[in-house]
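Some notes on the structure that comes next.
Readers should treat all values here as calculations from the given coordinates under stated rules, not as data from a laboratory. What you see is a predicted model, and the numbers here were worked out from it, not measured in a lab. With ideal geometry, Cβ positions are generated from the backbone for all residues, glycine too; neighbour counts draw on all protein chains shown.
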Amino acid sequence: MTTQETHDRLNATDSAERDDRVRHDGPSCDDSGFRVPGLWTRTLGELTLSYLPDAGVTMIPDRLYPSSTEEEWGEHGPHMTGAGHLSMGCGALLVERGDTRLLIDAGHGHISGDEVEHFQHAFGHVRDLPASLAALGVDPAGLEMVAFTHFHGDHTGWARPDATGDSRSLFSTARWMVGEGELESVADGAAPVLAGQNERTVVVTDGTEIADGIRAWSLPGHTPGHTAWILDTGDGREVVAFGDALHSPVQVMHPDWEVLLDADRNEAERSRLRLIDYLTREGVYGFGVHFADQQMGTVESGRWRPWTDAIDAR
């Protein structure tokens, strides 16, 4: 299904309410639709980081965060659409250092048109991940590994067995790096989440370094083996790719909000608090894959401060 077909289907579902327009190039400045940036690349010390857009999504706030109140949402207008829905995105992070290239998460994968859940308002491709890689001249078959934060479908998409016509997936030679406990979160007898899962998966424990300057940080709760990846830039800074430990910048101010999708809500809150505290440290940045057009940033004065070149670039 094309992006336009997805848009048409969503509007047809509820033409009086849905007014989400998928943007293909550059940041979305339209407050009525997906707020997802185009592909970007930033150099931090020895690292080159590229955000690979895959999909945009708008959420129904009080369904995703059932303990939140209408009054609390009043101060979060910059993260909302004109219709009052919470903007998010899906994608992946390409990490390059010297000759090493790896991906953190693998996007949503194909969108058939049936993905809209009861807590979502709209869902559609902005630019699919293979096209994002192609725009950078990166052959996915040449990636050494994909490090997963967890096994939910919007993070494993293009690594699933059915992602492409090749049963080895888009990343035909990559090893799958997975946090301890995540394999056990898959129901017994369930089909493999990843292509070649049994042969290609490497389970890592908290603190394991999977490549030069890239180590695992266990942040369970959203799923049992949910893992963030801490990237040492080589110049005194760090970037934490934290997956779904936080879904939106608004949670920095409200870490106590329950999240519908968390497997263990108490454990997830503890992980959020640990993460937020870590992000207040000098020189530490976060990468939130679902953070719409504010994926890179840090925590200052109890709020998410998005990356700006004028302040953060060196």
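A crude spin-label estimate for the pair Ala135 and Ile311, with each label 7 Å from Cα along the Cβ direction, gives 2.6 nm. If you take the square roots of the eigenvalues of the alpha-carbon gyration tensor of the stretch 163-288 and sort them as a ≥ b ≥ c, do you get rounded (a/c under 1.5), prolate (a/b over b/c) or oblate? Verdict is oblate for the stretch 163-288. Want the number for Arg281 to Asn198: 0.36 nm per residue separation, take away the alpha-carbon distance, what's left? Working it through step by step, the gained length comes to 26.1 nm. Distant-in-sequence amide contacts of Arg101, defined by a placed amide H-H separation under 5 Å and a gap of 5 or more residues or a different chain, comprise Glu144. Between the stretch 35-97 and the stretch 272-297, how far is it from one alpha carbon centroid to the other, in angstrom? First find each Cα centre; the distance between them is then 12 Å.
Amide H contacts of Arg305: Thr298, Val299, Glu300, each under 5 Å away and 5 or more positions distant or on a separate chain (H built 1.01 Å from N in the peptide plane; Pro and chain starts excluded). Once both labels are positioned 7 Å from their Cα atoms along Cα-to-Cβ, the gap between Val186 and Trp40 label points is 3.4 nm.
In units of the rule-of-thumb radius 2.2 N^0.38 Å, the stretch 231-314 shows an alpha carbon radius of gyration of 1.07.
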